[in-house]
1. Provide the FRET efficiency to the nearest 0.05 for the N248-K335 pair, computing r from the beta carbons and using R0 = 30 Å.
2. Excluding ligands and nucleic acids, what accessible area in Å² is computed for I526 using a 1.4 Å probe, to the nearest 10?
3. D for the chain, whole µm²/s, Stokes-Einstein with Kirkwood Rh over alpha-carbon pairs at 10 °C and 1.306 mPa s: what number?
4. What angle do you read, to the nearest 10 degrees and between 0 and 90, between the alpha-carbon axis of helix 370-380 and the longest principal axis of the chain?
5. Could you work out the Kirkwood radius for segment 75-173, taking every pair of different alpha carbons, averaging 1/r and inverting it, reported in Å?
6. Any chance you could run the full-extension gain for K292 through A308? It's 0.36 nm times the residue separation minus the Cα-Cα distance, nm to one decimal.
7. Need one number: nm distance between label points at A231 and E78, each 7 Å from Cα along Cα→Cβ, rounded to one decimal.
8. Under a point spin-label approximation (7 Å from Cα along Cα-to-Cβ), what is the V178-D67 distance to one decimal in nm?
Amino acid sequence: MAGGTRGPVPVPLQAQDRNLTQEVLDLLDTKSPLQTSDDFSAISQRDIKAALDRLASRSMVEFVTNDAEEAVLTKEAETIVADGSHEFRVWAAVKDAGKIPIKELAKVVGAESAKVGQGNAFKHKWIKKDGDSLVLVANEVKDTTRELLQEVQETKSLSDAKALTDLKKRKLVTLTKVITYTVTKGPKYAKEMPVEVTDLTSDMLVGDAWKTTNFKPYNFNALGASQDAGALHPLNKVRQEFRNIFFNQGFVEMPTGHFVDSGFWNFDALFVPQQHPARDMQDTFFISDPPKADKPRADPETEAQLNAMEAGSKRLFASSETIETKPRDYEKYWKDVQAVHQEGAFGSIGYRYPWSEDECLRLVLRTHTTAVSTWVLHRLAENPRPARYFSIDRVFRNESVDATHLAEFHQVEGVIADFGLTLGGLMKFLEDFFAKMGLENLRFKPAYNPYTEPSMEIFGYHKGLKRWLEIGNSGMFRPEMLEPMGLPKDLRVYGFGLSLERPTMMKYGVDNIRELLGHKSDLRWIREQPAVRLEKD
């Protein structure tokens, strides 16, 4: 094989063990033009088109596309062509019998012919009723329906447009679009496919071979091979938008690797009573093995992660004074949480119930990322200072799955610790925060949470949907939660949270959450979403 040659190009197109490209060339040598509907009636027009494209791209043939509609018989119509119309069969049966009881007609001609044919035979005045029987009126009849269908079968059309419309209404004929091709010789017609060269080599350039070599032409209309490239899920895109908002406002991301946590961090440390409905089996997933967790203790791995996350961040508060760091006392924290629940402490009367250590140490799939915020705030008590933290990760609820609820979803949470915080400051912060997401004119509604007081539900007006939506929950953490950690009384903490799925559904026009996350997600839809989404003002 000569240098730069990759064999005969194109590879002959095979269909039904036939070389179509060569057959077209052979037939054109003796007949021009070709009509593919006649000359290649046994081959699908799709295969013929592929062969013609290969030849036309090399100017070996030229072809014109012909679009036409053909009338095609249905299965019922084919039966009529073979055996006669329903009305003709009824007439013929009455003629043969002389008189047929109406009740017996279906047994003679069949249920379908009896049902349809009887009425049409009456309409044509071929038969009539005589008491409870059918008798003949016309001795000779013309089966027009059968004749029309025979014409359709032979010519694929019908000269009488009104009759064709009637046959379509009776579902005896359907119209099908048919594409055929008229083929003629091209300027470079040859009886055989030429060998084409795909590479220009140095040897060709040294000599004169490049002048006479037949190079394969570029096909600029050919589609590239599918790259099967990966695509970001819309949830990940919106998650990154949230992260950018948080980072731009000086927040530090919290490590959220613990999907399983103890009831202490998930409930008790948040001042959630052990009799609260959220701790029932119908609301929470509990872990049976191992049977219980350790008491709160040091977690070096998570500690190292948060240290790394804080290392590159700028603190919102700086002081020239040296702040003394006090080590965490987990045993004291444990006892203070027990006291604030059972007897009351830190100025609170508590819940005054017998607090159970076993209930506190039950393992759960975390129901909210506030379990992580609790651990981070307890860590902050070593060096109380203004700080901002956020997290976005999965949480788990024992929910009934429907169009708006899943047993597993993502929670977006933020906490702000500072001195002298007020409820008005929280409202202003939330207005600025959600404005960056395109949600303005917030409304706040008083609410109840065991670990925040005051608490507020957040509503925003969405311009696209043109209605008010609940978009999150917020509040100021209670002293019963903060003071057992060792945080000073004048250090207050905002907390707010929302799901990741709801804003994603709003932004991407998804009505059913199960189409966004889970086994019903359409991977093709995910791949088709734009890499960058431009928001309208």
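The values are calculated or read from the model by the stated rules, or taken from the named source; none is laboratory data. It should be emphasised that the depicted structure is a prediction, and the values quoted were computed from it without experimental measurement. Here Cβ is always computed from backbone atoms with ideal geometry, including for glycine, and neighbour counts include all displayed protein chains. SASA here: full protein model, heavy atoms, side chains in, ligands and nucleic acids out. Shrake-Rupley method; radii C 1.70, N 1.55, O 1.52, S 1.80 Å.
1. Using R0 = 30 Å, I get an efficiency of 0.15.
2. Answer for I526: close to 20 Å² accessible.
3. 49 µm²/s
4. Approximately 30 degrees, to the nearest ten.
5. Answer for segment 75-173: a Kirkwood hydrodynamic radius of 13.9 Å.
6. Using 0.36 nm per residue and subtracting the Cα-Cα distance, I get 2.7 nm.
7. So the label points at A231 and E78 sit 4.1 nm apart.
8. 1.7 nm
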